[in-house]
1. Where does helix 52-63 land angle-wise versus the long Cα axis of the chain, in degrees 0 to 90, nearest 10?
2. How high is the relative contact order of segment 1-64, in percent, with contacts defined as C-alpha pairs under 8 Å that are six or more residues apart?
3. Considering only DSSP states other than H, G, I, E and B, which GluC sites (Glu not before Pro) in segment 1-110 qualify as loop sites with at most 16 other Cβ atoms within 10 Å?
4. My understanding is that a pair violates if its Cα-Cα distance is over 31 Å; which of Lys102/Lys134; Lys33/Lys137; Lys68/Lys122; Lys60/Lys112; Lys28/Lys60 do that in this structure?
5. Sticking with the crude label model, points 7 Å out along Cα→Cβ, report the distance from Trp57 to Gln140 in nm, one decimal please.
6. Expressed as an acute angle from 0 to 90° and rounded to the nearest 10, what is the orientation of the C-alpha long axis of helix 22-32 relative to the principal long axis of the chain?
7. Which residue, chosen from Pro9, Gly58, Ile97, occupies the Cα position most advanced towards the positive end of the dipole of the chain, where the dipole is computed from +1 (Lys, Arg) and -1 (Asp, Glu) charges on Cβ about the Cα centre?
8. Just report the Cα centroid separation between segment 89-134 and segment 1-63, whole Å.
Amino acid sequence: MNLLFFLIPKSDVAYIYSDFTIRQALEKMEYHKYSAVPIIDKKGRYVGTLTEGDLLWGIKNQYNLDLKAAENMPVTKIIRRLDNAPVNINATMEDLINKSLKQNFVPVIDDKKVFIGIVTRKDIINYCYKRFYKENKKLQESALAMN
C-alpha cells in the first residue's frame with residue numbers, strides 16, 4: 001500500500017514554524033483543538049513536534065508559571081519530551097505501523113527532509129482493521145465452502 005493513500009497534505013495540517021512564540025503556538029493549538037503539532041522551519045523542513053505537555057511543563061519549569069514572561073519566547077526554547085519520528089515518502093506500511101505504535105501521527109518528509117504532511121494513527125488503524133476484516137471474512141468463506 002502506498003503511503004500517499006493515507007497522507008494528509010501539509011496544506012490541510014495545522015503546524016507551527018520554529019520561530020513562532022509560545023503564545024502563537026498555544027493559540028494555534030487551541031483554535032484547532034490539537035494536543036500536538038508539527039514544527040517546521042522557514043525552509044519547510046520538519047523540526048519536531050510540540051505537545052500541550054511540553055508547553056505546560058516548559059511554562060512551569062522554565063518560566064515559573066509566568067505566562068506573560070513566556071508568551072514572547074520562541075517555541076524552540078521549550079524542551080520537548082519526544083518528537084514524533086518522521087518517515088520518508090517512500091516508507092512502507094510496516095514503517096508507518098511501527099511509528100504509529102508510539103505516536104498519534106507520523107510526519108512525512110521528502111528526500112530533502114521537507115515536511116509534506118502527516119499520516120494519523122486513526123487512518124493506520126482503520127486500514128489494518130479493514131484488511132484484517134477482509135482476510136478474516138475470506139477465511140470464514142473458505143471454511144464454509146469446505147464444509
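1. 20
2. In percent, rounded to a whole number, it is 25.
3. Values: sites: Glu27, Glu30, Glu52, Glu71, Glu94; in loops: Glu71.
Of the GluC sites (Glu not before Pro), the ones in loops of segment 1-110 whose Cβ has at most 16 other Cβ atoms within 10 Å are Glu71.
4. Lys33/Lys137; Lys68/Lys122; Lys60/Lys112
5. Computed distance between label sites Trp57 and Gln140 equals 4.4 nm.
6. With rounding to tens, the tilt is 40 degrees.
7. In the chain, that residue is Ile97.
8. Computed from Cα coordinates, the inter-centre distance equals 18 Å.
Laboratory data are not the source of any read-out in this text; all were calculated from the coordinates shown. This structure is a prediction, so every number in the text was calculated from the model and none was measured. All Cβ positions, even for glycine, are placed from backbone atoms using ideal geometry, and neighbour counts span all protein chains on display.
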